[in-house]
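Following: one structure in structure tokens, then a few remarks.
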Amino acid sequence: MNRKLFFFCLCFLFANVARAQTGAEIKVGGLFDLTGITSDVGKPYAQGVRDGVAWTNANGGINGKSIRLIEADYGYKVPEAVAAYKRMVADDKVIMINGWGTGDTEGLKEFVNKDKIPYFSASFSAHLTNPAKTPYNFFVAPTYSDQLRAWLKWVKDDWKDKSRNPRVAFMYGDNAYGKSPVEAGRQYCKEIGVDLVEETILPGAFQDATSQLLGIKQKGADYAYINVTTTGTSTVLKDARKLGLPIKFGSNPFGFSEALPLVAKEAAEGVVGVMPDVPFGEKVPGMARITQFHEKNHPADMHDAIYVRGWTYVLVWSEALKRADKKGALTGEGVKAAMETLNNFDLGGLTDNVTYTPTDHRPATRTPIYTIKGGKLVKLNSYDMPRKPEWLGL
């Protein structure tokens, strides 16, 4: 073999080795609600995850390996979620899953434990934070329970009548997501001196909340916390406005974002919601990559805090993938162990820094509180709940 041919073969070999290294894929499942009853918030969240993956791949991937996001729309139906999960694990061989709802996440936890598949749900259910019971479950926000506690603390601070306790009502969906923080809220009301005077169920898909609101009015509630997504929250607020109710309404983080005043219009004025992720375009260091990606790829689109939330998930679990990969432990167990090394992991102000340990998967405990004023989101305060052992899983 002459020198030129040998040199050509050597270059060809090196090029193929390099291509094999940089072309390696890490398969990640994406279980989303794009058509079900929570798709109003499921779609922007899923887009945030997709864009976060695209940005990560364009900026070095996972130590040179690209992420392949394998998606499924399960329509917020638990049987479809189980079927999609099994396909992703058995057929697609995903290393982890970015999931969605509370009911399906809690329904899948035994499969997740058995298969040792790290599962990053968009559900903030406190039930998923105790590694003794759900060692492979993670999320990126304070728990729904800590968020409700933060809102109740705001209620206590906002109430000026010292002759009696403020009276609150809980309005929540008839599903695991809606009910998730309720028991924690009941207990915290008693602890801080807030009177819980009514609890009312909102159906899965409803177009009128008049009867529920009249029940709350009869009980003399001063405040009401709505635990459904944006569309349902908007229905409650519009009906309350029609009835002329003087109640101050609050909302959970999937009912409260920039989208709420767009949908509920004037009825959204004065609502006070928990919002673990900053609004889209907020001037924080971590926003630059998101707005730059937006301008380059879809400048005409509108985004909100729930879209930002999808990005934060990718930023967190991609860091765990990088750490696991560097240790040569790119397995479910390796990714779980890597997640549990994240200590005060900085997300550039997009949401609070996150920490996971082998004994506590509560990522953060501080909840920002916003209100809607003039159709805009205005931050009121931020409440940090103590990391009490008795609140782990509650």
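Restricting 215, 204 to those that are part of a helix (DSSP H, G or I) and of a type in the set (Gly, Ala, Ser) reduces the list to 215. When segment 349-377 is filtered for residues that are over 21 Å from residue 149 (Cβ atoms) and within 17 Å of the chain's Cα centre (by Cα), the ones remaining, listed by number, are 349, 350. Among the residues of segment 152-201, those identified as surrounded by fewer than 16 Cβ atoms within 10 Å (Cβ to Cβ) and aliphatic (A, V, I, L, M) are 192, 201. Restricting attention to segment 65-108, the residues that are crowded, with 19+ Cβ neighbours inside 10 Å and closer than 26 Å to residue 173 by Cα total 18. Scan segment 275-293 and give yes if some residue there is more than 23 Å from the chain's Cα centre (by Cα) and more than 20 Å from residue 144 (Cβ to Cβ), otherwise no. Within segment 275-293 (the criterion being more than 23 Å from the chain's Cα centre (by Cα) and more than 20 Å from residue 144 (Cβ to Cβ)), the answer is no, since none of the residues qualifies. The residues in segment 176-196 that are farther than 17 Å from residue 220 by Cβ and assigned to a loop (DSSP other than H, G, I, E, B) can be counted, and the count is 2.
Among residues of segment 147-175 that are within 24 Å of residue 254 (Cα to Cα) and part of a loop (DSSP other than H, G, I, E, B), none has a beta-carbon under 7 Å from a residue that is at pLDDT below 95 and of a type in the set (Lys, Arg) at least six positions away or on a different chain. Of all the listed residues (357, 331, 367), the sole one being hydroxyl-bearing (Ser, Thr, Tyr) and buried (at least 21 other Cβ atoms within 10 Å of the Cβ) is 367. Quick check: anything in segment 202-209 in the same structural domain as residue 241 (by TED's automatic domain parsing) and buried (at least 19 other Cβ atoms within 10 Å of the Cβ)? Scanning segment 202-209 turns up at least one residue that is in the same structural domain as residue 241 (by TED's automatic domain parsing) and buried (at least 19 other Cβ atoms within 10 Å of the Cβ). Listed by position, the helices (runs of 4 or more DSSP H) enclosed by segment 222-337 that each have at least 2 residues that are of a type in the set (D, E, K, R) and not assigned by TED's automatic domain parsing to the domain that holds residue 170 are 287-297, 305-326.
The values are calculated or read from the model by the stated rules, or taken from the named source; none is laboratory data. In this text, all values refer to a predicted model and were calculated from it rather than measured experimentally. Positions of Cβ are generated from backbone atoms using ideal geometry, with glycine treated the same way; all protein chains shown enter the neighbour counts.
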